[in-house]
1. Give me the percent of Cα-Cα pairs in the range 176-256 that sit more than 17 Å apart, rounded to a whole number.
2. Which value, in debye to the nearest 20, describes the size of the charge dipole of the range 31-94 about its Cα centre when Lys and Arg Cβ atoms bear +1, Asp and Glu Cβ atoms bear -1, and nothing else is charged?
3. Around P196, under 12 Å between beta carbons, what's the net of Lys plus Arg minus Asp minus Glu among the other residues?
4. For the pair E282 and T208, what calculated FRET efficiency results from E = 1/(1 + (r/R0)^6), where r is the Cβ-Cβ distance and R0 = 22 Å, to the nearest 0.05?
5. For H184 and W444, FRET efficiency with R0 = 25 Å and r from the beta-carbon atoms, rounded to 0.05?
6. Evaluate the distance, in nm, between pseudo-label points positioned 7 Å from the Cα of S88 and of A10 along their respective Cα→Cβ axes.
7. Once fully extended, how much extra length lies between C80 and D328, figured as 0.36 nm per residue of separation less the alpha-carbon to alpha-carbon distance?
8. Could you order the peptides 30-40, 433-443 from most to least packed, using the average number of other C-beta atoms within 10 Å per residue?
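The values are calculated or read from the model by the stated rules, or taken from the named source; none is laboratory data. Since we're looking at a predicted model, the values are computed, not measured. Don't worry about glycine lacking a Cβ; one is built from the backbone with ideal geometry, like all the others, and counts go over all protein chains shown. Quick note on the areas: whole protein, heavy atoms, side chains included, nothing else; ligands and nucleic acids left out. Shrake-Rupley method; radii C 1.70, N 1.55, O 1.52, S 1.80 Å.
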Amino acid sequence: MLREVAFEMAASSVRFGAGVTRECGMDLAEWGVRRALVLTDPNVARLPPVRTVLESLDAAGVKATLYDRVRVEPTDESFCEAIRFAESAGPGSDAGPGHDGGRERRGGYDGFVAVGGGSVIDTAKAVNLYTTFPPGEFLDYVNPPIGRGLPVPGPLKPLIAIPTTAGTGSETTGVSIFDLTRMHAKTGIASRRLKPALGLLDPDNTRTMPAQVAASSGLDMLCHAVESFTAMPYTDRPRPERPALRPAYQGSNPISDIWALQALRMVAHYLVRAVDDPADDEARAQMLLAASYAGVGFGNAGVHLPHGMSYPVSGHVKGYRAPGYEVDHPLVPHGFSVVLNAPAVFRFTAEANPDRHLKAAETLGADVSRARREDAGRILADRITWFMKRLNTPNGLRAIGYSSSDIPGLVDGTLPQHRVTKLSPRPAGADDLARMFEDAMQAW
Ligand SMILES: [Fe+2]
């Protein structure tokens, strides 16, 4: 096998500042967008940012339609419902002949705005893709081996992502994650073309975030940064035949390391403060910025086992209902489903690159001055567990309803997640995964 010799930095456009939400109408108008679909979820729909967006579009002369039924932790069904809405409820009927000089497409929207957490932004990416280039089958664009992984044929329409949580970093990435209901497993679509045209990072929008949402999304970000920093180095991956085949998740590399480490420094300073006190403007703003930093890092490097193992943890959810999440279905918040696996994973992976595990622990605030390299996994795991305890996460997988008898199903749900599991710095087979899930049953 020829090994990879190159890495690539794909830029993400973001604008940061209090009040930038008000600018989105002007941005869309500058780009020539005349009709936009604004997507959000039923909870965020009641909060000020959505009203601000609609007023901003109106003031800029951009006609807006609101879709406020995005599902938190979306599924293929909820994606399809949003796609159908965008196709059928579009204002195309009054667009008139020759609308957009022949660029008229299904539904008639020529731009999208996502206002919400990762679920909303990921749904908007899928709606943009599926209405711009409708596939033969829903799974055509979905990551293999679950889907066919067909490339996105061309540029999509402009999408502005306005996060109301600080964690997923979805505004910076070309990834859209959903739960494939019949397999009880999360999977996704990955293409640089899915990346939003612009992320508007407005610290005013995260002020109303419930504490558990702030904790879960902040721990998701922590894991994005640690996983991308400890991922297999890009030089260990096979060299692609053509540049277009080089995946966005290319393994750890010198550019993504910079973003990951800076995000971890910010997490160490501000995560606990931001969760404890939503009125702490400095901490909240820094966490929103850190989420995008981590997003740029993992968007160019990838995540690995904690995310790969999280997909069945959230997909197989039993009756768990998370405080702070007002939804009509049981769910394990994404950040919790990831971080609950993280200590067990890093105890397992540290032997592949102990220095990087120690560096991550140190950046998160651990004292590593007298640490031995063979203790790197335990030290990083202990530091992450400290944050989990301090932020009141469930104490392991058992606390969200799992037991040892569920492990074979959790392992089966992890094995197909090649896009991320193959980036583990230490290869993990079914037996290794089973041991890590057992280890993750209780966190402290
Ligand atoms: Fe994540």
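1. 70 percent
2. Details: 8 positive and 10 negative charges, 50 e Å.
Dipole of the range 31-94, to the nearest 20 debye: 240 debye.
3. That sum, taken over residues with Cβ under 12 Å, equals +3.
4. The computed FRET efficiency comes out at 0.80.
5. For R0 = 25 Å, the calculated efficiency reads 0.35.
6. 3.2 nm
7. This chain segment gains 87.4 nm when fully extended.
8. Per-residue mean Cβ counts within 10 Å order the peptides as 30-40, 433-443.
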